[in-house]
1. Kindly provide the set of residues from the range 89-127 that are more than 18 Å from Arg197 (Cβ to Cβ) and in a loop (DSSP other than H, G, I, E, B), ordered by number.
2. Is there a residue being touching a strand residue (DSSP E or B) at 6+ places or on another chain (Cβ under 8 Å), part of a helix (DSSP H, G or I) and modelled with pLDDT of 90 or more anywhere in the range 19-38?
3. Which residue is modelled with the lowest pLDDT, if the candidates are limited to the range 103-128 and must be surrounded by fewer than 21 Cβ atoms within 10 Å (Cβ to Cβ) and of a type in the set (Val, Ile, Thr)?
4. Which condition from (1) part of a loop (DSSP other than H, G, I, E, B); (2) modelled with pLDDT under 90; (3) not hydrophobic (A, V, I, L, M, F, W, C) is the one that Ser145 breaks?
5. Looking only at the range 41-61, filter to residues that are part of a strand (DSSP E or B) and over 30 Å from Lys87 (Cβ atoms); which one of those is modelled with the highest pLDDT?
6. In the range 169-186, what count of residues is obtained for those that are open to solvent by less than 100 Å² (accessible area, probe 1.4 Å) and under 15 Å from Asp153 (Cα atoms)?
7. Between a residue in the range 19-35 that is within 20 Å of Met49 (Cβ to Cβ) and any residue that is open to solvent by 90 Å² or more (accessible area, probe 1.4 Å) and at pLDDT below 85, which pairs come within a Cβ distance under 9 Å, given they are 6 or more apart or on different chains?
8. If you check Ser168, Ser174, Ser194, Ser145, which single one turns out to be touching a Pro at 6+ places or on another chain (Cβ under 7 Å) and either touching a residue at least 40 places away in the same chain (Cβ under 8 Å) or of a type in the set (Gly, Ala, Ser) (or both)?
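The values are calculated or read from the model by the stated rules, or taken from the named source; none is laboratory data. Only a predicted model underlies this, so the values are computations on that prediction, with no experimental measurement involved. Here the Cβ positions follow ideal geometry from the backbone for every residue, glycine too, while neighbour counts run over all protein chains shown. In case anyone asks, the SASA skips ligands and DNA or RNA and just uses the protein heavy atoms, side chains included. Shrake-Rupley method; radii C 1.70, N 1.55, O 1.52, S 1.80 Å.
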Amino acid sequence: MLFEEYNIFTVIFIIIILLFLLPLIQRYLLVARRLQAIKRIEKYRKSRMITLVHRQERVSLLGFTVRRFIDMEDSEQILQAIRKTPKDLPIELILHTPGGIVLASEQIATALKKHRAKVTVFIPYYAMSGGTLLALAADEIIMDSNAVIGSVDPQLGSWRTGFFPAASIIKAASQENPNRDDHTLIMADMAQKSIERIYNT
C-alpha cells in the first residue's frame, strides 16, 4: 500500500515538473527555429538581420499577461549587434513594438543613422512612438499594406499616476488656471524638454 502511494506521488511530481518544463522547451525550440530562419534570410539577402519584437504574451502556465517595450536591455543587445556588423554590410531591422524608453530608442536610432551601409526597417504590424523613431533613422521603411506607424510621442508620468503624452501636458499647462500646482508646471517643463530632445535626435 505504501509502495503504491509512493508511486502515485512520484508520477504526480513528474507530471508537475513536465508541465513547468514543457513551455520552456517549446519556447526554446521556437527561438531555435527563428534563429535558423534569420540566418537563411541573412545569407540570401547578404545583410545583418536584427529583430526587435514586442507584444503582449500570456504566460502559458500562470495565465498572466507580460507586456514588453523598448528598454535598456534591448538597447544594449542591438547596439552590440550593430557594432559587430561590418561597416559595408547592410542592416535590416524587423520592428514590431509599441515604443518604450526614450533614451534606449535614441541610442538605437543614433547607431542606425551612423551605420555606413544601407539600413532597412521592416514593419509587419506596427511601430509606435520609440519604434517610429527607429524607423525614421533608416534609409528605407518597408511596411505591410495593413501595418501602421505611430507618432513619436514621448510620455511622462509613473506607474502609480499613469503616463500622459508630453504634448497633452504642455497643452493642459497652457490653459489659464490660477489654482495650478507646481507639479503641473514642472511636468510641463519636462514635457517641453522631452519633445525638444526627440526633435534634436
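1. Across the range 89-127, the qualifying residues are Leu89, Pro90, Pro98, His115, Arg116, Ala117, Lys118, Pro124, Tyr125.
2. No, there is no match, as no residue in the range 19-38 is touching a strand residue (DSSP E or B) at 6+ places or on another chain (Cβ under 8 Å), part of a helix (DSSP H, G or I) and modelled with pLDDT of 90 or more.
3. So the residue we want is Thr110.
4. Single failed check for Ser145: (2).
5. So, considering only residues that are part of a strand (DSSP E or B) and over 30 Å from Lys87 (Cβ atoms), the one modelled with the highest pLDDT is Glu57.
6. Final tally of qualifying residues: 2.
7. Listed pairs, sorted by first residue: none to list.
8. Ser194
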